[in-house]
Amino acid sequence: MAKKLTDKTSYSYSKIKWTRSDTARLRSAINTFNKEVKKHIDSIPEKARPKLKEYKDVKSSIHSRKDLELAISTMKNIKNKNAFKLISSESNPNVKITNWELQTAKRYDRRNQMKLQIEYNKVISDIRKTSKPQLDIYGEPLLDEQGKPMVKATFSTAQKSKLESYLSKSNVEMLLESRDYERQQDLLERIYRRGTDEFDYRKAKQYKDNYMKMLEGYQNLDNYDEVVEKLESIDPKDFYDFIKDKDKEGSDNFKDHYDNRMLQVDFNNFARDLGINIDDTYEPVTENIF
């Protein structure tokens, strides 16, 4: 039984170091999966059939060991009893999905929901830091069920959209309501894509790449090379959390940097916040009048 997602929910991953054993296990799981699907292919409507797997495609979706283990275990489940049982959509009984596909989607979407919970927790945590606590008639802070001060939260548009994405129905719930096979396929692709650490890593890498591209506008400032070297050393998956506390202006909105260029003194302060030792002192030049 899956653990309940709470404000204590955490998740971490690291890049997998592939071994021969990993490669062999993945190939074996793919072969087993494809063989089993082909065995039942005539008993399943074409559009409801699980898609056959190709090694290069599966491997490209794997970033962490957690990704690998999830991929292997779900493919092996194709041999479970009732794996090919067909389940009809709640919106259209003519749209069907195999029990294997549904159960696999649930496992991948669980990881996505976990990450949404963590994202939600971060937003709430940030709001708590800046919001005033709600007080009772005696002027004492009101506490929630977990004993934490209740605050009157004010959400930005970006935060609100994040919260709404978390509070809305899950992708699996929408999957079970697919009105046609096109909608079903779109949802499956979304679930599988967002349920991997590879998706998170690519998103994080894109953020870092964009930030480093923005920073090129400061090449004329002193200490630029040191700042770039420091930032390049940060793993993309840790980059946003690292930079948001160092660069309040640019971590959420690059437009601020483009419109309001940092002066040398600001850049020096930024470098110091990154832990870089710099010397920006100078001695005034005076003329010798003798």
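The values are calculated or read from the model by the stated rules, or taken from the named source; none is laboratory data. Please read these numbers as outputs of a predicted model, since none were measured by experiment. Cβ placement follows ideal geometry from the backbone for every residue including glycine, while neighbour counts extend to all protein chains displayed.
At a glance:
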read-out: Selection count, the stretch 182-214, where residues are surrounded by fewer than 18 Cβ atoms within 10 Å (Cβ to Cβ), in the same structural domain as residue 265 (by TED's automatic domain parsing) and farther than 20 Å from residue 13 by Cβ; value: 4
read-out: Qualifying residue in the stretch 3-14 (condition: exposed (fewer than 15 other Cβ atoms within 10 Å of the Cβ), closer than 17 Å to residue 76 by Cα and of a type in the set (S, T, N, Q)); value: no
read-out: Residue list for the stretch 16-67, filter: of a type in the set (Lys, Arg) and surrounded by 11 or more Cβ atoms within 10 Å (Cβ to Cβ); value: 25, 27, 35, 38, 39, 47, 49, 51, 53, 59, 65, 66
read-out: Output for the stretch 257-282, where each listed residue is surrounded by 15 or more Cβ atoms within 10 Å (Cβ to Cβ) and either within 11 Å of residue 218 (Cα to Cα) or modelled with pLDDT under 75 (or both); value: 257, 262, 267
read-out: Residue count for the stretch 13-64, restricted to those that are acidic (Asp, Glu) and in contact with a strand residue (DSSP E or B) (Cβ under 7 Å, 6 or more places away or on another chain); value: 0
read-out: Count of the stretch 214-249 residues which are at pLDDT 90 or above, among the hydroxyl-bearing types (Ser, Thr, Tyr) and within 18 Å of residue 264 (Cβ to Cβ); value: 1
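Per-residue answers, yes or no, for (1) over 26 Å from the mean Cα position of the chain (by Cα); (2) free of Cβ contacts under 8 Å to residues at least 40 places away in the same chain:
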{"position": "5", "(1), (2)": "no, no"}
{"position": "44", "(1), (2)": "yes, no"}
{"position": "53", "(1), (2)": "no, yes"}
{"position": "58", "(1), (2)": "no, yes"}
{"position": "62", "(1), (2)": "no, no"}
{"position": "66", "(1), (2)": "no, no"}
{"position": "79", "(1), (2)": "yes, no"}
{"position": "89", "(1), (2)": "yes, no"}
{"position": "93", "(1), (2)": "yes, yes"}
